[in-house]
Each structure stands twice: as C-alpha cells, then as structure tokens.
Ligand code: PGA
C-alpha cells in the first residue's frame, strides 16, 4: 500500500428522508461517531437536493462531508429542472456523486454525460465520486471488466493528473444494488477493484494508484468486514444499511477495526 489514508465510509440516501429527517439522522450520526479520529475515517453522506441546505447547516463537514447525488454540466442556462455546479458550491457542498446505476438505468445518464459532469465538478474545485459497475448481463457475457475499463476511461477523459485528488471511484456492480441485489463476494469485489486500479495506473502512471476505490452494493452489518479486509478496497459506499444512524455507526466501527488490522 502507498501512504496511509483514512477509511472512506459513506451513504447515498437516494430519494429517502425529508430535510427534517435528514437533520435528525445527521445529528445522531455526528454524535455517535464524534470520537473516531478523522485521520482514520472519512465519513460522508449524500442526501436529496432539497435536504442539502439543512444538512450543511447541521453538520461539521470536517466530521461528515455532505455531497449531492447528481449535477448538470453547465453553470447556468435554459435547462429546466437541472441543478448547476455553481448552485451546489453556493450551498457549501464540495462532493458530487456521478453516474449511479439508478441514474444510468432510469434517467439517461451515459458514460459521456458522466464525463461532462466530472469536468463540471472539477472546474468548480469540487470532488467527484464516480460510480461504475457492470450489469448482470455484461458479467454473464464475460465483458464485465471491459465495461468497467470503458466507464473509468471515459469518465476520466480530459482529467489531468493534478486533479486526481478530487476523484473517488465507487465500484458498484449493478446486480448487487438495492433490494433485489445480491452482494458481491469480497474476493470478487477485490478483483474488480484491481481491474479499476490497473486502468488508473495506465492512465496516470505516477498517481493513479492513489485514487480511492470504494465498494458498494448490498453492504450490510454481516458482510462489511469481509470487504474491509480486502487489500484493494479503500472504503464502503452503503445504501439501505446506513440509513439508521446507530446501525451505520456500528458498521463503521466494525469495518474500521478490520480495515486497520488488515493494513498493519
Ligand atoms: P444498497 O445501495 O446498499 O442499498 O444496495 C447501494 C447503492 O446504491 O449505492
């Protein structure tokens, strides 16, 4: 491993929780995790757009970073219904999730639109959390790794090495996400993280290996530690199992323990 870095743990709240509920959740999570040194843990929560002002007001972002679930690539214009990077920045949001599989499946996000959004996020000095992952069909047809390689290469097209500090990647196999999802086996996730790491090294021989890669897709209290033990896993991106503060706190503590032991 390269230089020591904190374990990344975060959650996308999807279309759950009103602003009030988000505030309550964040207050509880911040209090429960306050004693964990942030040199060891970087925690982030990605609520709905309408909860962002309340979220930013509620938390100390040194303890819990707040992110947005999407962004448009232009700063302003006749784009009814879209949210610009300037608007997010104006709220104090410095992290943007891009290309989640639900966006790709239901809302027309493609590798190319994700690429444009990455550029917009970087242009404004924000951090991009780029989600990639193969579908069940791609896996079955034996093109899962090709798909991952293409997603990463297109998303990072035009990103200079100097901007890599603003990039995190989440590996989220589409077949593993959500209620019908089956979590990936930890060794499989590790192997796919290795594929992503390899592309990053090809694109950026000097610093590509330092880009954090998180695993997401049906992470729960029972399997979180198995992912944390894998050498290529730099963090976990959790949905359902993180939406109750006490349970997420428990998961964070268990995961951090294993993660530290595995890296001694
Ligand atoms: P899940 O969601 O943990 O509920 O499967 C993961 C995700 O969509 O990022």
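Each value in this text was obtained by applying a stated rule to the coordinates, not by laboratory testing. Note that the structure is predicted; figures quoted are calculated from it, not measured. Cβ placement follows ideal geometry from the backbone for every residue including glycine, while neighbour counts extend to all protein chains displayed.
Quick look at the values:
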| item | result |
| --- | --- |
| Inter-centroid distance (Cα atoms) of region 37-69 relative to region 11-25, Å | 11 Å |
| With 10 Å bins from 0: P(r) over region 1-137, alpha-carbon pairs, percent | 11, 40, 35, 13, 1 |
| Contact order relative to length of region 122-264, as percent, for alpha carbon pairs under 8 angstrom and 6 or more apart | 22 percent |
| Translational D in µm²/s for region 94-176 (Stokes-Einstein at 10 °C, 1.306 mPa s, Kirkwood Rh from C-alpha pairs) | 123 µm²/s |
| Gap separating the Cα centres of region 87-158 and region 204-253, nearest whole Å | 18 Å |
| Projected label distance in nm at residue 62 and residue 76, using a 7 Å step from Cα toward the beta-carbon | 3.4 nm |
| Kirkwood-type radius of region 87-244, with distances r between different C-alpha atoms, in Å | 15.8 Å |
| The chain: most fluctuating residue of 72, 237, 227 per GNM, C-alpha cutoff 10 Å | 72 |
| Rel. contact order, % - alpha carbon contacts under 8 angstrom, at least six apart, region 1-142 | 20 percent |
| Percent of alpha-carbon pairs separated by more than 26 Å within the chain | 36 percent |
| Taking only Cα atoms of region 60-131, radius of gyration then Dmax in Å | 11.8, 36 |
| Candidates 93, 143, 59, ranked by Gaussian network fluctuation over the chain, Cα under 10 Å, top entry | 143 |
| Rg/Rh for region 160-264, where both radii come from Cα atoms and Rh is the Kirkwood radius | 0.99 |
| Among 193, 127, 106, residue whose mean-square fluctuation peaks in a GNM of the chain (springs only between Cα atoms under 10 Å) | 106 |
| Percentage relative contact order, the chain, counting C-alpha pairs under 8 Å, at least six apart | 18 percent |
